[in-house]
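A short write-up of the structure that comes next.
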Amino acid sequence: MTPFSQDPSELEESEDFARLFAESQDKPVRLEPGQAIEAPVVNITREWVFIDTGRKGEGVLDRKEFTAADGTLTVAAGDRIKAFFLGSTGGEMRFTTRLGDSGGGSGLALLEEAWRSGIPVDGVVEKEIKGGLEIKLAGGHRAFCPFSQFDIRRISETAPLVGSHFAFRVTQFGEKGRNVVVSRRQLLEEEAQRQRDALREVWRTGMIVRGAVTSLKEFGAFLDVDGIEGLIPISEIGWGRIDNPADVLSVGQSVDVVIKSLDWEKRRFSFSLRETLADPWSRAIDKFREGTFHHGTVSRLATFGAFVTLEEGIDGLLHISQLGAGRRISHPREVIHEGDRVEVKILGVDSSARRISLTLAAQSRAAEEEAGNIAAFRQDNAREEAKGMGTFADLLRARTERGRKT
């Protein structure tokens, strides 16, 4: 037998071990109450939602857990859901997305189990109390939810929340159920993380996505896109100069934006509304030709000149040397002010650098008129000089002829 040969019995034992190990890996692990799984919905009936647990038999959940207040169903066959195992009854594996009137009982034992296993519980906002909200859980049990734990963002009004159902996580369970603290924020953050993980696989810079404006600040607008909040910087809201984002956007408005940057670790995301809009400079060279006259509004003053908005996204520069009408000035404000309507003449266009140089139309016309007057004067003077020279030549010619006769 060579050093590399193997006994047939040893080979058979090795294969049996590999087979048994593979079978042990494939065999589903026994579910424990409170254990969470993610599974696809395979069927929906009038009362139940069935899921594929990957085990013998399907899991079942109460359809009421997926029925909105208006009666519409919030899940469909094929959707993947997160569910918590409650136990087996009559050969059925019962699951829930949260404990409540339809989620498997209302006793303190289940509430304590929800605390230990992290199963969400259903609750109704009863009223505002000092530091937070009083929540009524299934079975009439009371809980406290601090303001900071109700939402990811700070809540400004609590009155609209009263009477509404929400899912909560039990974070404290003490004094045999007399001291229960819950958090909705934890569930929201977990859902947001799941959404981030899913979007991280598909989002790329340059993609166009749709979101809703959540708040407006002096430096830009915050946008919620599929549960991810990012910023549209004020410079990316439009092609023109924008002093206040509220002049263009409003809270709740839906907009299409381009993904500018993605920082998943720091959770910083920036978007551009401007890049979804037509670039006004694409036709600027045709509309604002050199030598043409246009009206505009002075949008900004600088030490070196005044910027004039010709149309949204198109600004030109009136250099300070074009403002003094021949006299030296130290600042454009001496002759022009922000908001002034002015007529200008295009001196030059550099579309690649997005620059237009201007001069005041009145000053240009005055200069042209002056140049025309000077040209006309020189022409008249030349004619007079030519006429004078002609008379002198005639006199000289006549005198020469008289000399010949004598």
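Taking 0.36 nm per intervening residue step and subtracting the Cα-Cα distance, what contour gain separates residue 263 from residue 246 on full extension?
3.5 nm
Residues in the stretch 164-197 near a label at residue 116, defined as backbone nitrogen under 20 Å from the 7 Å Cα→Cβ point?
169-183
Taking 0.36 nm per residue of separation and subtracting the Cα-Cα distance, what length does fully extending residue 327 through residue 226 add?
30.4 nm
Which GluC sites (Glu not before Pro) from the stretch 124-165 combine a DSSP loop assignment with at most 11 other Cβ atoms within 10 Å?
157
Search the structure for amide H atoms under 5 Å from the amide H of residue 97, placed 1.01 Å from N in the peptide plane, and list their residues when 5 or more places away or on another chain.
Correct list: 84.
Cut-off is 10 Å between beta-carbons; in what order do 93, 207 appear when sorted fewest neighbours first?
Lowest to highest Cβ neighbour count: 207, 93.
What residues qualify as long-range amide H neighbours of residue 171, i.e. H under 5 Å apart, gap of 5 or more or another chain, H built at 1.01 Å from N?
Result for residue 171 returns 181, 182, 183.
Only Cα pairs under 8 Å and at least 6 apart count here; give the relative contact order of the stretch 280-363 as a rounded whole percent.
35
Got a sec to turn the phi values of the stretch 181-194 into Karplus ³J(HN,Hα) couplings, 6.51 cos²θ - 1.76 cosθ + 1.60 with θ = phi - 60°, whole Hz, x for Gly and Pro?
Here the 3J(HN,Hα) series is 10, 10, 9, 8, 4, 4, 5, 5, 5, 5, 5, 5, 5, 4 Hz.
Which FRET efficiency, nearest 0.05, do residue 354 and residue 334 yield, Cβ-Cβ r, R0 35 Å?
Calculated transfer efficiency: 0.80.
Mind listing the phi-derived Karplus ³J(HN,Hα) values for the stretch 231-236, rounded to whole Hz, using 6.51, -1.76 and 1.60 with θ = phi - 60°, and x for any glycine or proline?
10, 9, x, 4, 6, 9
Taking amide H positions as placed in the peptide plane 1.01 Å from N, state which residues far from residue 81 in sequence (5 or more) or on other chains have amide H under 5 Å from it.
39, 41
In nm, what is the difference between 0.36 nm times the number of residues separating residue 55 and residue 198 and their Cα-Cα distance?
Once the chain is fully extended between residue 55 and residue 198, it gains 48.9 nm.
Percent relative contact order of the stretch 203-276, based on C-alpha pairs within less than 8 angstrom and at least six residues apart?
36
Which of the residue pairs 64/127; 64/260; 217/266; 82/176; 82/127 have a Cα-Cα distance greater than 32 Å in the structure shown?
Where the Cα-Cα span goes over 32 Å, the pairs concerned are 64/260.
With Cβ to Cβ distances under 9 Å as the rule, what net charge do the other residues near residue 356 carry (K, R +1; D, E -1)?
Taking every Cβ under 9 Å from that of residue 356, the sum is 0.
How large is ³J(HN,Hα), in whole Hz, for each residue of the stretch 168-174 in order, when computed from phi with the Karplus curve 6.51 cos²θ - 1.76 cosθ + 1.60 and θ = phi - 60°, using x for Gly and Pro?
My calculation for the stretch 168-174 gives 10, 10, 6, 9, 9, 9, x Hz in order.
Going by C-beta contacts inside 10 Å, put 51, 155, 232 in order with the fewest on the left.
155, 51, 232
Regarding the stretch 206-263, what is the average projected area of its C-alpha convex hull, in nm²?
That works out to 3.8 nm².
By count of other Cβ within 10 Å, fewest leading, how are 117, 250, 156 ordered?
Starting with the residue having the fewest Cβ neighbours, the order is 156, 250, 117.
We did not get these values from a lab; they are worked out from the coordinates using the rules stated. Since this is a predicted model, take the numbers as computed values, not measurements. All Cβ positions, glycine included, derive from the backbone under ideal geometry; neighbour counts span all protein chains shown.
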